[in-house]
Amino acid sequence: MRVAKLESDQELLFATGLATPKVAEIEKINQVAVVFQSSSEFAVLYGTAHVLKDRALIDELWSEAWRIWFPGGKDDPNLCLLAVTPVSAEYWDSSGTEGLKYLYEGLKAIWQKRTPNSDDTQHGKVSL
């Protein structure tokens, strides 16, 4: 999924379908984890989720790219928003472990029968 909007109060909004398994799961347990990643950076937001059926907000956020999943457009009765309010986050940045340097360190560790140094990976946690 792609973030449809990031609210100023830190609420993330995603477009989704009312008939999807994730909506049924959230109605039972609203605790979620949202993962973002690039080739060497990762972030996880932990929080709570709820379903929004606000037609005015859906109209405001509508993207024609969504039509493939919602052929009825912004008025598709299956279209809703998934709102996630983060309470904590965790990130990893392993950009220092890329390329030839990492290959060299990995081979050296194998040769010396040890694990490679993970000093190049940054990790942190934050409460929101």
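All of the numbers you see were taken from the coordinates with simple rules; none came from a lab. As the structure is a computational prediction, the values presented were derived from the model and not from experiment. All Cβ positions, glycine included, derive from the backbone under ideal geometry; neighbour counts span all protein chains shown.
Packing-wise, with mean Cβ within 10 Å as the measure, how do 60-69, 76-85 rank, highest first?
76-85, 60-69
Please give me the summed charge of the neighbours of residue 32: other residues whose Cβ is under 11 Å from its Cβ, Lys and Arg +1, Asp and Glu -1. Write down the numbers at each step before the final one.
Values: positive: 22; negative: 25.
Summing Lys/Arg as +1 and Asp/Glu as -1 gives 0.
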